[in-house]
1. Scanning region 14-44 for residues that are part of a helix (DSSP H, G or I) and β-branched (V, I, T), which turns out nearest to L77 (Cα to Cα)?
2. Mind telling me which of the residues I180, I171, I166 ends up being buried (at least 19 other Cβ atoms within 10 Å of the Cβ) and either on the phi > 0 side of the Ramachandran plot or in a loop (DSSP other than H, G, I, E, B) (or both)?
3. Return only the number of the condition from (1) more than 24 Å from D30 (Cα to Cα); (2) of a type outside the set (S, T, N, Q); (3) surrounded by 18 or more Cβ atoms within 10 Å (Cβ to Cβ) that I128 does not satisfy.
4. Please state which of the following conditions W140 fails to meet, knowing it meets all the rest: (1) surrounded by 13 or more Cβ atoms within 10 Å (Cβ to Cβ); (2) free of Cβ contacts under 8 Å to residues at least 60 places away in the same chain.
5. For F120, which of the numbered conditions (1) among the aromatic types (F, W, Y); (2) within 17 Å of the chain's Cα centre (by Cα); (3) assigned to a helix (DSSP H, G or I) fails to hold?
6. Going through F120, F153 one at a time, which residue ends up being touching a strand residue (DSSP E or B) at 6+ places or on another chain (Cβ under 8 Å), in contact (Cβ under 8 Å) with a residue 12 or more places away in the chain, under 20 Å from P92 (Cβ atoms) and surrounded by 14 or more Cβ atoms within 10 Å (Cβ to Cβ)?
Amino acid sequence: NEKENEHISISYCNNIYHLAKEIYENEYLDFFELLKEEGKIDNALKRDNVARIYLVFDYDGHADKESSQKLQEMLSLFDNETEQGLLYISYPMGEALKHIKDSVDFKNIANVSNSKYKNFVSENCDEIYKHPINYTKDIWRTLITQHSKKANFIVNDEFEFPTDFIEQLIIFEHQKKKYIDKEGKVAVLSAFPIILMDYYGISTLKEKIK
């Protein structure tokens with residue numbers, strides 16, 4: 001935004017496939033205007049005044065093959081935060097962030113996307129992760145590290161902090177090949193630590209979480 005460091009959050013009260021339907025059924029749709037309408041943002045705000053757009057959605061495990069293709073198309077369309085926007089997917093949903101338990105190897109945690117997942121996470125995560133409002137810097141350090149390593153594991157089979165940028169489309173393609181098509185599950189992965197990795201850059205983020 002033209003006001004330095006100002007952030008605007010907008011809740012799009014539907015899933016990624018509904019957004020895809022809106023976009024592909026209306027060739028004249030102005031996506032930025034759609035965002036402003038959804039967020040009840042001042043109409044005077046122009047795209048040129050916004051430095052970056054990040055779109056964060058849950059993966060919809062009930063999606064069929066056609067919807068899976070739509071998601072691939074959306075990830076290809078929204079691949080640059082300074083243009084249309086950069087799309088991030090949480091697998092299976094935002095609660096994946098806290099799905100960590102010391103007694104379970106996080107790299108092997110996979111799950112299905114359904115209405116019971118939120119309760120499942122609450123029952124299968126360590127107590128310190130249950131309430132994000134209480135997270136300390138140490139907790140954030142753990143979460144960022146674990147999810148960044150998990151992204152690398154999904155794509156490169158190495159549970160190590162990535163050395164290179166990992167595109168969202170590549171993550172989805174490996175999720176589909178290794179988990180979705182084979183098991184009907186997804187490797188649990190939160191979008192939020194990955195956003196930080198992309199925003200700051202790998203080297204800078206590693207310094208910040210030391």
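Any read-out appearing in this document is the output of simple, stated calculations on the displayed coordinates, not a laboratory observation. Computed from a predicted structure; not experimentally measured. For neighbour counting, all protein chains shown are included, and Cβ atoms are generated from backbone atoms with ideal geometry for every residue, glycine included.
1. Looking only at region 14-44, we keep the residues that are part of a helix (DSSP H, G or I), and these are 16-25, 31-39.
Applying the additional criterion that residues be β-branched (V, I, T) yields 16, 23.
Numbers: I16: 13, I23: 11 Å.
Among those residues, the one meeting the criterion is I23.
2. On the way: I180 fails: either on the phi > 0 side of the Ramachandran plot or in a loop (DSSP other than H, G, I, E, B) (or both); I171 fails: either on the phi > 0 side of the Ramachandran plot or in a loop (DSSP other than H, G, I, E, B) (or both).
Result: I166 is the single residue among I180, I171, I166 that is buried (at least 19 other Cβ atoms within 10 Å of the Cβ) and either on the phi > 0 side of the Ramachandran plot or in a loop (DSSP other than H, G, I, E, B) (or both).
3. (3)
4. Status for W140: all satisfied but (2).
5. Every condition holds for F120 apart from (2).
6. Details: F120 fails: in contact (Cβ under 8 Å) with a residue 12 or more places away in the chain.
F153 is the lone residue from the list that is touching a strand residue (DSSP E or B) at 6+ places or on another chain (Cβ under 8 Å), in contact (Cβ under 8 Å) with a residue 12 or more places away in the chain, under 20 Å from P92 (Cβ atoms) and surrounded by 14 or more Cβ atoms within 10 Å (Cβ to Cβ).
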